[in-house]
Structures are given as C-alpha cells and as structure tokens.
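The structure appears below as structure tokens.
The numbers here are math on the coordinates, done by the rules we state, and not lab data. Predicted model only: the values in this text are computed from it and were never measured. Cβ coordinates were reconstructed from backbone atoms using ideal geometry, including for glycine residues, and neighbour counts include every protein chain displayed.
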Amino acid sequence: MFLHLGNDVSIKLKDIISIYDYDIFEIASNKKYLENNKECLIDMTGDGQKKKSLIVTRDVLYISAILPQTLKRRALLAIDNG
C-alpha cells in the first residue's frame, strides 16, 4: 500500500516512521534536525505552497504541502481498504 504525498510522489506505508506538522520544525532547536539531515531531505512543495508536513522514513525526509492530518487519514483509509 502506498501513500500519496503530493507532486506525484507516493511512498510505501511500511516505510513511514512518522508524520509531523512542519510548524514544529520552525523552532530553532528543531530546525537543527533538518539542517543536520539536509542531504536526505526532499522538499515537494512547489512555488507558493506552504510547507505543512514532514514525513520521516528510514532514509528520506519528505516535506509536503499536504496537512499531516490529511496524510494520516489517507494512510488509515489505505490500510482499511488494503
């Protein structure tokens, strides 16, 4: 089963470790986490799109313009229908 993250990107549900509200990474102490992991960071927000969620997998951090609540709801629906 896959979860669509936006901008034609989908990842396997089993690869997701967590989904966070991106706003918590605007705080200085959490910003450092993104800076330390910038080599594995994929920003999928387009021009003018607000960063709304951070999806953590083992190898990649995805930034998405989709709300974390929406992603979690999509994941639960995929599990229920899978």
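Using the Karplus relation 6.51 cos²θ - 1.76 cosθ + 1.60 with θ = phi - 60°, the per-residue 3J(HN,Hα) values for segment 25-36 come to 8, 8, 6, 3, 5, 7, 4, 4, 4, 5, 5, 6 Hz, with x marking Gly and Pro. With the biggest extent put first, the Cα atoms of segment 2-81 measure 39, 28, 19 Å across the principal axes. Summing charges over neighbours of LYS51, with a neighbour being any other residue whose Cβ is under 15 Å away from its Cβ, gives -2 when K and R count +1 and D and E count -1.
Under 5 Å between amide hydrogens, built in the peptide plane, is the criterion, and for LEU61 it picks out LEU41, ILE42 among residues at least 5 positions away or on other chains.
Relative contact order, whole percent, for the chain stands at 35, derived from Cα pairs under 8 Å and 6 or more residues apart.
Once both labels are positioned 7 Å from their Cα atoms along Cα-to-Cβ, the gap between VAL60 and ASP43 label points is 1.7 nm. Proximity of backbone amide H atoms, modeled 1.01 Å from N, is registered between SER53 and TYR22, SER64, ILE66 at under 5 Å, excluding neighbours fewer than 5 places apart on the same chain. Scalar couplings 3J(HN,Hα) for segment 54-63, obtained by applying the Karplus form with A = 6.51, B = -1.76, C = 1.60 to θ = phi - 60°, are 10, 10, 9, 10, 4, 10, 9, 10, 10, 9 Hz; x denotes Gly and Pro.
Rounded to whole numbers, the Karplus 3J(HN,Hα) couplings from phi for segment 66-80 are 9, 4, x, 5, 5, 4, 5, 5, 4, 5, 5, 5, 5, 5, 5 Hz, using 6.51 cos²θ - 1.76 cosθ + 1.60 with θ = phi - 60°, and x at Gly and Pro.
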